[in-house]
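The values are calculated or read from the model by the stated rules, or taken from the named source; none is laboratory data. This is a predicted model, so every value here is computed, not measured. So basically every Cβ, Gly included, is an ideal-geometry build from the backbone, and we count neighbours across all protein chains shown. In case anyone asks, the SASA skips ligands and DNA or RNA and just uses the protein heavy atoms, side chains included. Shrake-Rupley method; radii C 1.70, N 1.55, O 1.52, S 1.80 Å.
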Amino acid sequence: MSSQEDKYSVLLPTYNERENLPLIIWLLVKYFEQDKINFEVIVIDDNSPDGTLDVAKQLQEVYGKDRIVLRPREAKLGLGTAYIHGMKHSTGNFILLMDADLSHHPKFIAEFIQKQREGDYDIVSGTRYAGDGGVYGWDLRRKVISRGANYVAQILLRPGASDLTGSFRLYRKDVLRKLMDVCVSKGYVFQMEMIVRARQLSYSVGEVPISFVDRVYGESKLGGNEIVSYLKGLLTLFATT
Ligand code: GDD
Ligand code: MN
């Protein structure tokens, strides 16, 4: 397939992102249009109590149903299954995963695409932990948790990628489908399992340094429960890979 025919489906899972959604979608449309790239944004809202879905519907009116696709679910079913759900409804041959809270800036997408084309990679992963990458706005606790999670996982799993828990990534759709078939985790550990399984299956991974900026509006959904399930997931991966 020539690059002119490539289509990029952005999967945007949302839970209480009413204030962030208009800006992230505006930026996505702006950058894709600027670079004349064929795209769609798939919003997977899990019945957010703040009315995110109503905002998404308004944005769909503004930008069109072919570019903003809504695939809501009945309840908060977790990030991993939100991606699976979104992928099933995607029409692109490439899939981008990113957060909706502006921590992942759409300006990096052009670099992801360029990197993918350069090395014909199966996956391009944004990295906070190499090159010019970094994290801005997190308190020490969050930094230690993230670094620690990465560090322990690096030692146990040796996955050959510098940012295991980050979720700003570009996948070939057939590769993503295959990985989702073999991945068992549902919560935050999902990002790490994806990249570990990718290596097992000998997929190629390119990296692009990104700056991750903490959200201004709303709250992180990463709580104590998620940390416990991350550790469980990590150990399961260690035992089974
Ligand atoms: N549909 C849906 N369902 N969306 C969800 C759910 C859910 O159960 N939980 C979270 N989200 C959405 C949020 O609305 C946001 O767009 C994105 O998923 C990330 O959630 P945050 O709550 O903002 O995550 P974070 O900032 O704490 O964590 C980020 O950093 C982690 C560690 O590096 C994310 O990038 C994680 O994926 C990453 O593992
Ligand atoms: Mn966030």
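See the values below:
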| quantity | calculated |
| --- | --- |
| Selection within region 218-240 - more than 21 Å from the chain's Cα centre (by Cα) and either within 16 Å of ligand 2 (Cβ to nearest atom) or surrounded by 12 or more Cβ atoms within 10 Å (Cβ to Cβ) (or both) | LYS232, LEU235, THR236, PHE238 |
| Count of residues meeting criterion [assigned to a loop (DSSP other than H, G, I, E, B) and in contact (Cβ under 8 Å) with a residue 24 or more places away in the chain] in region 125-144 | 8 |
| Residue that is farthest from ligand 1 (Cβ to nearest atom), among those in region 174-189 that are in a helix (DSSP H, G or I) and surrounded by fewer than 24 Cβ atoms within 10 Å (Cβ to Cβ) | ASP174 |
| The one condition in (1) surrounded by fewer than 20 Cβ atoms within 10 Å (Cβ to Cβ); (2) within 22 Å of LEU79 (Cα to Cα) that SER3 fails to fulfil | (2) |
| Cβ pairs under 6 Å, 6+ apart, first in region 197-217 and in a loop (DSSP other than H, G, I, E, B) and within 15 Å of ligand 1 (Cβ to nearest atom), second at pLDDT 90 or above and open to solvent by 30 Å² or more (accessible area, probe 1.4 Å) | ASP214/GLY137; TYR217/GLU19 |
| Tally, over region 147-173, of residues that are in contact (Cβ under 8 Å) with a residue 24 or more places away in the chain, part of a helix (DSSP H, G or I) and open to solvent by 10 Å² or more (accessible area, probe 1.4 Å) | 5 |
| Subset of region 11-34 [of a type in the set (A, V, I, L, M) and within 16 Å of ligand 2 (Cβ to nearest atom)] | LEU11, LEU12, LEU21, LEU23, ILE24, LEU27 |
| Any pair with Cβ under 7 angstrom, 6 or more apart, that starts in region 175-187 at a residue that is within 16 Å of TYR121 (Cα to Cα) and ends at one that is basic (Lys, Arg) | LEU179/ARG197 |
